[in-house]
Amino acid sequence: MRHKPNQSFPRISARAVLFDLDGTLADTAPDLARALNRVRAAHHLAPMPVEITRPYTSSGARGLLKVGFGLDPGDERYEALRLQFLEFYAAGICVDTRLFDGMAELLDQLDQDRLPWGVVTNKAERFTFALLQGLHLDERAACVVGGDTATRPKPHPDPLLHAAAALQLPPSACLYVGDDLRDVQAARAAGMRVIAAKYGYLGDGGSIESWQADAIIDHPREVLNYL
């Protein structure tokens, strides 16, 4: 069902829908937490529950090494631990990762409506393509943009502008869906409409209501209410 009863939704005119990956398209938190805990175990530390690491998932290695070791980029141990973390993650990138409930149905409906969709993420290309392949989405996505595809990652608009160009559409014809403040910032800078996914990780950007997205959704299928 596209619309909730007795509730109207402002229509967003879009000729393509773009999704953030971690925390929007797929719940990657379990596999990223496992990689972090393998690093912790290698350094004789107890595992951390996914409930603790989950809010840091969208920030990738930087966020997880911050919560797991209290390290920031530039710290003496950071780079070695980052490489170890990425090695462990690559070895188990799609073990417990799943599409969020309702996302498969949303993508099916977009395909049925012949509305192209793609992925724009700050995750490096090598992990992004491996993960999408594991989710059997690599051949369905109309475009895939990783964190190292464009010159600068989000919150800069470069990745979203790259995606629009790949789709041969003006940015204003694309809708972006993300679960982090930088997703909204990147979309605004690119001239795209943007929906904030409240079901995602949300990061440390403060209240989602303060992000000034065009809409906020609690469930992936709610995207259809605005198309």
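The charge dipole of the stretch 54-148, taken about the Cα centre with unit charges on the Cβ atoms of Lys, Arg (+1) and Asp, Glu (-1), comes to about 220 debye, rounded to the nearest 20. The fewest-to-most ranking of CYS143, CYS174, CYS94 by surrounding Cβ atoms within 10 Å reads CYS94, CYS143, CYS174. Which is farthest toward the positive dipole end of the chain among ALA124, ASN37, ALA16, measuring Cα position about the Cα centre, with Cβ charges +1 (Lys, Arg) and -1 (Asp, Glu)? It is ALA16.
Here the Karplus curve 6.51 cos²θ - 1.76 cosθ + 1.60, taken at θ = phi - 60°, turns the phi angles of the stretch 53-68 into couplings of 7, 3, x, 9, 4, 5, 8, x, 4, 4, x, 6, 6, 5, 6, x Hz, with x standing for Gly and Pro. Amide H to amide H, with H built 1.01 Å from N, VAL119 comes under 5 Å of PHE19, CYS143, VAL144, VAL145, counting only residues 5 or more places away or on other chains. Once the chain from GLU87 to GLN212 is taken as fully extended at 0.36 nm per residue, the excess over their C-alpha distance is 41.3 nm.
Using a simple spin-label model with pseudo-atoms 7 Å out from Cα toward Cβ, ARG98 and LEU45 lie 2.8 nm apart.
With charges only on Cβ, +1 for K and R and -1 for D and E, what is the dipole size of the stretch 29-91 about its Cα centre, in debye, rounded to 20? Working shown, then result.
Details: 8 positive and 7 negative charges, 28 e Å.
Computed charge dipole of the stretch 29-91: roughly 140 debye.
Between ARG98 and ASP27, the built amide H atoms are under 5 Å apart, and every one of these is 5 or more places off in sequence or on another chain.
Projected label points at ARG62 and ALA173, each 7 Å from Cα along the beta carbon direction, are separated by 3.3 nanometres.
Within 10 Å of each residue's Cβ, count the other Cβ atoms and sort THR97, THR24 from fewest upward.
On the way: THR97 19, THR24 28.
By the 10 Å Cβ count, ascending, the order reads THR97, THR24.
Can you give me the orientation-averaged projected area of the convex hull built on the Cα atoms of the stretch 88-165, in nm²? Averaged projected area of the stretch 88-165's Cα convex hull equals 5.7 nm². In a reduced charge model with +1 at each Lys and Arg Cβ and -1 at each Asp and Glu Cβ, the stretch 1-159 shows a dipole moment near 300 debye about its Cα centre. Each 10 Å bin, from zero up to the one with the longest distance, holds this percent of the alpha carbon pairs of the chain: 8, 34, 36, 17, 5, 0.
Calculate the translational D of the stretch 29-91 in whole µm² s⁻¹ from Stokes-Einstein, where the hydrodynamic radius comes from the Kirkwood formula applied to all Cα pairs, the temperature is 20 °C and the viscosity 1.002 mPa s. Roughly 191 µm²/s, to the nearest whole number. Here the Karplus curve 6.51 cos²θ - 1.76 cosθ + 1.60, taken at θ = phi - 60°, turns the phi angles of the stretch 177-190 into couplings of 10, x, 10, 9, 4, 5, 5, 5, 4, 5, 5, 4, 5, 8 Hz, with x standing for Gly and Pro. Got the relative contact order for the chain handy, in percent, Cα pairs under 8 Å and 6 or more residues apart? Answer for the chain is 26 percent.
All of the numbers you see were taken from the coordinates with simple rules; none came from a lab. Bear in mind that the values here come from a model prediction, so they are computed numbers and not experimental data. Quick reminder, even Gly has a Cβ in these numbers, built from the backbone with ideal geometry, and neighbours come from all protein chains shown.
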